[in-house]
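Down below is the structure, laid out as structure tokens.
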Amino acid sequence: MPELPEVTTTAQKLNECLPGLKITKVWTSYNSSYFKGKNQIKDPNYFKKFCKNVSGHKIESVTRIGKNVLINISGPQTILIHMKMTGHLLFGKYKKFPADKQSKRPEEQSNYWRTTETGPLQDQFNHYIRLVFELSNKKHLVLSDARKFAKVTLIPDGDIKKFKDTAEIGPDPIMDKLSNSDFEKILNTKPNGRIKNVLMDQTLIAGIGNIYSDEALWMSGIHPEISPKNMTSDEMKKLLKNIKKVLKKGIDFGGDSMSDYRQPDGTRGDFQNHHQVYRKKGSKCTWKNPETGNTCPGIIIRKVVGGRSAHFCDTHQKI
Ligand SMILES: [Zn+2]
């Protein structure tokens, strides 16, 4: 799932190309009876309202709150997109094709969209186009979402803090001034929780998921199953420093494309080539003891912690 660095990369890159463009038309193939009556474009009735409220409006900016991308448009509402498991936003030239009943791809068996550009937008992970915004420069903003979990809705301007998706998000380690004492207070609200799960709870701290929690805990020498009540202030301080460091590193590398995530031009981020621990089960630990300068002799292991897989080294990350 895209985490803070991936969502930041998407919002930043889209903010370089979308402002000033007008949305002329919207298309979607999302349609799910499960979402009937809910404020999401997966409900066809809501989608009709959505089209009416965004068509003809100019894009003013693209920002981020937690793992949500916010597209601020002229008029009284903002488009909120949560990319969830496999979604990512792309920008380029696209064309609608008629249904191909012979196609082996289910999404091509009814009308579908493909890029007309050569290059990274052709990456197979970019082919699951579920939502298309046609823009005034004849280009398109599209959402590729293989597993169809993404959420797209409108929120009234000024209501961001009242809206469930955006109100119930903890402080942002990059955008907010999250101090050591704030962080300590947050962790201590879950004294008996397991630190990995506490870090990934979006209502406590925004933007951290599986990848960056594993990396930050490894850097800090903290076991993913330790409870905040058993952590010292120094450990919490070190952890916050490393969370900020690893998230910034993720942004610098344009996000992580080990799975579906791609940048808006279709290219891969590069953070997956800089993992020290995430999905490195069986690899030698490369952690260096800051006091002795010696490399840890441990091996990376994988263990399910609170339903999520944690990758860590039980030699230098002891409980
Ligand atoms: Zn180690």
In nm, spacing of pseudo-spin labels at Thr203 and Asn188 (7 Å Cα→C-beta vector): 2.1
hull vol. (C-alpha, convex hull) per residue for the stretch 161-215, Å³ -> 91
Find the Rg to Rh ratio for the stretch 103-256, where Rh is the Kirkwood radius over alpha-carbon pairs and Rg uses the same atoms. 1.08
About the Cα centre of the chain, what is the dipole size in debye to 20, counting +1 per Lys and Arg Cβ and -1 per Asp and Glu Cβ, all else neutral? 760
Once you put a point 7 Å from the Cα of Asn45 and another 7 Å from the Cα of Ser233, both along the Cβ direction, what distance in nm separates them? 5.6
Where does each of 192-200, 133-141 land if you order them by average Cβ count within 10 Å, highest first? 192-200, 133-141
Across the stretch 1-51, what fraction of all alpha-carbon pairs, as a whole percent, falls in each successive 10 Å bin from zero upward? 22, 27, 43, 8
So how do 95-101, 146-152 stack up, highest first, on mean other-Cβ count within 10 Å? 146-152, 95-101
Cysteines without a disulfide-compatible partner [the chain; Cβ-Cβ under 4.7 Å]: Cys17, Cys51
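Nearest 500 deg cm²/dmol is fine: what mean residue ellipticity at 222 nm does the chain get from its DSSP H runs of n ≥ 4 alone, each adding -39,500 (n - 2.57), divided by its residue count? Don't skip to the answer; put the middle values down first.
Details: 7 runs with 74 residues, N = 319.
Calculated mean residue ellipticity at 222 nm is -7000 deg cm²/dmol.
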Could you calculate the contour length gain from Lys93 to Ser33, that is, 0.36 nm times the residue separation minus the distance between their Cα atoms, to one decimal place in nm? 18.5 nm
How much of the pair distance distribution for the chain lies past 30 Å, counting alpha-carbon pairs only, in percent? 38
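Every number in this text was worked out from the coordinates using simple rules, so none of it is lab data. Predicted model, so just to flag it, every value in this text is computed and none were measured. For neighbour counting, all protein chains shown are included, and Cβ atoms are generated from backbone atoms with ideal geometry for every residue, glycine included.
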